[in-house]
Amino acid sequence: MTKEKADEKKAEEKKTEEKTEKNVEEKTKKKAVEKPAAEKEDKPGAEEQKKEKAAVKEAPADKEKEQTTDKEKEQPAESGVGFRGRGRESLDGAEAWLPKTKLGSDVLAGKYKNLEEVLEKGELILESEIVSAMLPDMMHEIIYIGGSPGKGGGIRRTATKMTSRMHKSGRRFKLTALSVVGNGAGIVGIGAASSKEHRSAIEKSMKNAKLNVIRVRGGCGSWECGCDGGHSIPFKVGGRSGSVSVTLIPAPKGVGKVASEETRKILKLAGIDDVWVKTQGKTSTRNNLALSVFDALKNLNRGKGAL
Ligand SMILES: [Zn+2]
């Protein structure tokens, strides 16, 4: 009898378990049916009904909101006064500029009409923003001073020169760039800078180039031409850097820039159309080649009638 009773009890328990399971299944089915209905309904109603669901639904929405707010926060910061790293200066221009020198505040106040006036006065330019503010049509070129040995025929030229120093854990690299800025009409500057990164080296060198701007004396010293224009240079002039020495010779109209590719970049930004260039020394060191051409342009300002 006891065994039978026990069996009956077990059977009953099983039945109840089955029932509960069925109930659970039915409930889940009902929920499943209810879920899409709730979703179809307005969201606040659904949130009230089932908090868990609402929590799940709200979480992604909140994230999206946060992302949008972040974006909104970032956009004004970039265009506004806040400085974020280097290199924003070239994009933002004078808007984000707070001058630190007297010349800078004078330029911002509009006391100078153009950059020639500033240079004529012999003022020392200590802020690159002065040049960017006064030369809106400024152009920028990178002198390819770097290179790596290639497979066939000479080296592959690169914009930055890679140098290395030894450390106990290996080699530490540094990249150097040489930039030229100018308006193509008598103002040109050259500057070098080095950094761990390619991009920042170029940006820093561009900034340094703006600090080294000079006026280039145009003219036509060619007896073959005899015009009174400023397409060439007024006389033969020389310059040097390291072993490289160059001679710039005035040429008549139509000759063009008889020079190597890197030299032509400087002459173009200086605003010289026709010139012959003679070089001596190791001109494959393009760093010294560029600096010697700049030195020659500087030497145009020597003597009578200098700018
Ligand atoms: Zn001429």
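Values quoted throughout were computed directly from the atomic coordinates according to the rules given, and no laboratory measurement underlies them. Quick caveat: nothing in here was measured; it's all calculated off a predicted structure. Note that each Cβ is placed from the backbone with ideal geometry, even for glycine, and that neighbours are counted across all protein chains shown.
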Q) Quick one: Karplus J couplings for the range 213-227, per residue in order, coefficients 6.51, -1.76, 1.60, θ = phi - 60°, nearest Hz, x for Gly and Pro? A) 6, 10, 8, 9, 8, x, x, 9, x, 8, 6, 6, 9, x, 7
Q | D (Stokes-Einstein, µm²/s), Kirkwood Cα radius, the range 135-212, 0.692 mPa s at 37 °C | A | 242 µm²/s
Q. GluC sites (Glu not before Pro), restricted to the range 155-227: which are DSSP loop and have at most 15 other Cβ atoms within 10 Å?
A. 197, 224
Q. For the charge dipole of the range 137-299, defined by +1 on Lys and Arg C-beta atoms and -1 on Asp and Glu C-beta atoms about the Cα centroid, which residue among 226, 166, 269 has the Cα displaced farthest towards the positive pole?
A. 166
Q. How fast does the range 137-299 diffuse by Stokes-Einstein, in µm²/s, taking the Kirkwood radius from C-alpha pairs at 10 °C and 1.306 mPa s?
A. 97 µm²/s
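So for the range 137-299, averaging the separation of alpha carbon pairs under 8 Å that are six or more residues apart and normalising by length, what relative contact order in percent results?
After rounding, I find 20 percent.
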